Each structure stands twice: as C-alpha cells, then as structure tokens.
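The values are calculated or read from the model by the stated rules, or taken from the named source; none is laboratory data. If you're wondering where the values come from, they're calculated on a predicted model, not measured in any experiment. So basically every Cβ, Gly included, is an ideal-geometry build from the backbone, and we count neighbours across all protein chains shown.
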Number of protein chains: 2
Amino acid sequence: MDIYEALYTTRAMRRVKPDPVPSDVVHRILDAAIRAPSGGNSQEWRFMMVDDPALVAQIAPLYRECIDMLWAAIYNDRLEAAAADPEAAESKQMMAIKKSVDYAAENFEDYPLLMFAFDRGDSTGGSIFPAVWSAQLAARAEGVGSSLTSVLMIKGDEVPNLLGVPADEDWKMACMVPMGYPKGRWGVAKRAPAHEVAYLNRWGSGLGAEINEPLWSAS
Amino acid sequence: MDIYEALYTTRAMRRVKPDPVPSDVVHRILDAAIRAPSGGNSQEWRFMMVDDPALVAQIAPLYRECIDMLWAAIYNDRLEAAAADPEAAESKQMMAIKKSVDYAAENFEDYPLLMFAFDRGDSTGGSIFPAVWSAQLAARAEGVGSSLTSVLMIKGDEVPNLLGVPADEDWKMACMVPMGYPKGRWGVAKRAPAHEVAYLNRWGSGLGAEINEPLWSAS
C-alpha cells in the first residue's frame, strides 16, 4: 500500500468483526511499530497484545465505566451544545463520535485484539505515540482497523493490574488500541484544512496558499 | 512509496543539505499530517513552518543552549557510562547519538525548514504525535529527512515567544522537527526486537515467536 493512502485513510475504525487477527499479521504490526524513533533511541516501551476473550471480557466493563464518565464529565459541554443545536455541523460530528464510541462500548467483547502501549521516562508522549501510530498504519496496510483511546487512564492502575504490569517498574499506560477487521469502509476523514492550522514563519500568518481539497485521493 | 518502506526507514536524519524544501512538498507534508486522528477529532493543533533563515538563526543559539543542558544534566549518566566503557554496544550507540545531535547543533543555521507542533487540551501527547509522525512519514516519501526533538521546552516560552505564539491561548509546544534533504542514506534503524518488548495476554509472557530479523527489507 502507498504511504499516502495509509496516511489519508487510517481513520478511527471502531466497528469491527470478531474474526481473529492472525499472528503473522500481529507480528508485522509490532515489527513496524518498534522501528519508530524514541528520545535518545531509548525504546522505553512495551506493547501488550490481548486476544484472550476472557481478558477482553474483564476489560469491557471497565471501558464502559470510563466511557460513561467521559460523556458525563469531559464531553458534557459538547454534548449539551449538540443537543441544543442538533443541525450544526459540530453537533452532527459530536453525535457521530458518540454513536461510534457507544458502539465500541456496547460491543467491546467482540474485539478480537487489543493493543496496549506503555512507556516510561517520557513526559511528552513523543517517544511512544509515533510507535503506536506506526502500528495503526501497518494495521491499515494489513486491512486491520483500529482506534486509539487513553480513556482507561481514568481508572488509574485497574487495567495495568489486570494485565499484570509490575507496580515497581514505572511503566505508564499510554493508550489502548482495539483492532479488528472493519465492518465499514475506509475513507478520508474530514478535517479542518492545513491552511487554517498551519503558519509560515509567524503565528497567524497563514500558509501562502489554500488547500481546500485533500492532496491525495483514491484514483 | 510503500507504507512499510516508510515505516522501516524513517529514522532520525539530522545531517541535511541547506537546499530549500519547495512549497508544494511542504503542503503535501502538512496535508498528510492533518489527516491524523486526535481525541474526539478535536484537531487542537497548530503547525508552524519556519523557512526564514533569519528566524532559524535566532533559534539556533537557543537550541545549542538546550543541547548543552541535555548533555550536562539529562544524559550525564549515560555519557559517563559510555566514557568508562567505550567499546560496549550501548556506549557506541550513545556516542553516535551525541555526534549526530552535536552536528545538528553546530550546523543548525543550515536547516532549510523547521516544523513546530503545538497542541492544547491534551495531556498525553496522543492527539499531536500521530500528526507529527505522519508529517515525518510524508516527508520521507518526499525524500525529505527529519528528526523530532522536544529539547527546546527546556527554555520555557522563549521559542514560542519568538514565533509569536499568543500567551493567552493555552498552546503548548509539543516538539520541533527540523527537515531537509539528507546528506546520508536511508536505512532500517537497529532496534530491540519485538519479542523482547511485546507480550501476549500477560506481562512478561513473551510473544510466542522470535522476530530476529526485520520483517520488511529493501528488495
């Protein structure tokens, strides 16, 4: 797969089939992930792959509790704004995200594979998220959908304890990435264009050009 | 370019030529970056591209001061260990990194392009580093080398102030990514293999297989 196709079409894919992800695919995903850079090439990362349905089922209720808290606390304002003005573009986007995440919560036991990423000694995330995103891009190339969430951090050490993470080694859970073969279609996600979020030499300067259509498209 | 070639060969490339990166290449890099996911699709990011040599020259001494502090404080122990046992594999790796970073510091004014990434409202880095890494992968596809550093954060708001970042909008500088056409060759970086840093269902379990050679190689 072309690099640009992967970069443009790897969107959050939460609706997946329960079909297992074969171990050779898992190995290609992980081997790609560990090629990513990390500060001082320290590679202070660990990746926990969970494909045991019993363990997925133990994590499911914790995930659902976190999602409940997400809507009730962190996204409360955006959800109220969406309810007040349901026809606004932002409202529709918020409700689409909620529907997709609620699907993930309700069907969590169907995920055939969860990837957890841990790091230590890095306060910025700059030494773990390139590797996580590489895993998601490699998964895309393998036809495997994924999505990234840090929501389980709400529950502190509960999930790390379930996974057997040693308490005295300073590992910090960076995120969980559920994976599986998608039910839906790949596509280019809608985003605010680059010229609205990128500047040249001076904050607020614009970019000297407008990029109103994606510069890559399926041909 | 194949996605796997990009994932395997995008290593930190600090030795670059002063040749400018054309604006159409910069636009493709940015348009790929903004396709990345962010929490709640919030896209709370800004990308500042700096190609003005006068501004690069203002940043250069600040970067050099940060690198001096990096060696004197954060990497002090690793450098002392390397000096004490120069033939050890870890020592050689540390000295190679120091040489590469010192080159960047000494020749900073030669960088034709710096990308700064800013985010807000995300404490994990999970909503900015996928976009930054997408920019680096797109750059790789364009033949442009890059490296990621968060070292300028040592100097607090000095660089954001230089770039004109408004103080009252909560933007946090995530990293700087110097870019340019490489002097050296692309290659697969050496890493601890996946089976040493990834587990299946239980921490410390191993992966059920050894992956001693990269699963992708230039053919």
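Is it the case that the stretch A:171-189 has a residue that's touching an Asp or Glu at 6+ places or on another chain (Cβ under 9 Å), aliphatic (A, V, I, L, M) and surrounded by fewer than 20 Cβ atoms within 10 Å (Cβ to Cβ)? No, because not a single residue in the stretch A:171-189 is touching an Asp or Glu at 6+ places or on another chain (Cβ under 9 Å), aliphatic (A, V, I, L, M) and surrounded by fewer than 20 Cβ atoms within 10 Å (Cβ to Cβ). Can you tell me which residue is surrounded by the fewest Cβ atoms within 10 Å (Cβ to Cβ) among those in the stretch A:48-80 that are outside any helix (DSSP H, G or I) and modelled with pLDDT of 95 or more? Looking at the filtered set, the residue picked out is A:Asp52. Scan the stretch A:30-43 and tell me whether some residue there is free of Cβ contacts under 8 Å to residues at least 40 places away in the same chain and within 27 Å of A:Glu158 (Cα to Cα). Yes, the conditions are met somewhere in the stretch A:30-43. Taking the conditions (1) more than 9 Å from chain A (Cβ to nearest Cβ); (2) part of a helix (DSSP H, G or I) in turn, B:Tyr8 satisfies each one other than (1).
Taking the conditions (1) more than 23 Å from A:Trp133 (Cα to Cα); (2) among the aliphatic types (A, V, I, L, M); (3) more than 10 Å from chain B (Cβ to nearest Cβ) in turn, A:Ala54 satisfies each one other than (3).
Which residues, counting only those in the stretch B:191-218, are exposed (fewer than 12 other Cβ atoms within 10 Å of the Cβ) and not acidic (Asp, Glu)? If the condition is that a residue be exposed (fewer than 12 other Cβ atoms within 10 Å of the Cβ) and not acidic (Asp, Glu), then B:Ala192, B:Gly204, B:Asn212, B:Ser217, B:Ala218 are the ones that fit.
Would you confirm whether or not the stretch B:88-98 contains a residue that is among the small types (Gly, Ala, Ser), over 17 Å from the mean Cα position of the chain (by Cα) and surrounded by 14 or more Cβ atoms within 10 Å (Cβ to Cβ)? Looking through the stretch B:88-98, at least one residue is among the small types (Gly, Ala, Ser), over 17 Å from the mean Cα position of the chain (by Cα) and surrounded by 14 or more Cβ atoms within 10 Å (Cβ to Cβ). When the stretch B:142-159 is filtered for residues that are assigned to a loop (DSSP other than H, G, I, E, B) and either within 12 Å of the chain's Cα centre (by Cα) or in contact (Cβ under 8 Å) with a residue 60 or more places away in the chain (or both), the ones remaining, listed by number, are B:Glu142, B:Val144, B:Ser147, B:Leu148, B:Ser150. Among the residues examined, A:Gly156 qualifies as of a type outside the set (A, V, I, L, M) and out of contact with any Gly (no Cβ under 9 Å at 6 or more places or on another chain).
For the stretch A:86-141, name all the residues that are small (Gly, Ala, Ser), under 26 Å from A:Asp31 (Cα atoms) and either touching a residue at least 12 places away in the same chain (Cβ under 8 Å) or part of a helix (DSSP H, G or I) (or both). So that I can check it myself, show each step before the final result.
If we filter the stretch A:86-141 for residues that are small (Gly, Ala, Ser), which is where we start, we get A:88-89, A:91, A:96, A:100, A:104-105, A:117, A:121, A:123, A:125-127, A:131, A:134-135, A:138-139, A:141.
Remaining after also requiring under 26 Å from A:Asp31 (Cα atoms): A:117, A:121, A:123, A:125-127, A:131, A:134-135, A:138-139, A:141.
A:Ala117, A:Gly121, A:Gly125, A:Gly126, A:Ser127, A:Ala131, A:Ser134, A:Ala135, A:Ala138, A:Ala139, A:Ala141, listed by residue number.
Regarding A:Pro166, is this residue in a loop (DSSP other than H, G, I, E, B), over 17 Å from the mean Cα position of the chain (by Cα), over 19 Å from B:Ala33 (Cβ atoms) and at pLDDT 95 or above? Criteria met by A:Pro166. Scanning the stretch A:37-47 for residues that are surrounded by 17 or more Cβ atoms within 10 Å (Cβ to Cβ) and either among the hydroxyl-bearing types (Ser, Thr, Tyr) or more than 8 Å from chain B (Cβ to nearest Cβ) (or both) yields A:Ser38, A:Glu44. Among the residues of the stretch B:160-197, those that are under 30 Å from B:Met115 (Cβ atoms), free of Cβ contacts under 8 Å to residues at least 24 places away in the same chain and either facing another protein chain (nearest Cβ under 8 Å) or of a type in the set (Phe, Trp, Tyr) (or both) comprise B:Gly164, B:Pro166, B:Arg191, B:Ala192, B:Ala194, B:Val197. Among the residues of the stretch A:122-146, the ones that are touching a Lys or Arg at 6+ places or on another chain (Cβ under 9 Å) and surrounded by fewer than 23 Cβ atoms within 10 Å (Cβ to Cβ) come to 3 in all.
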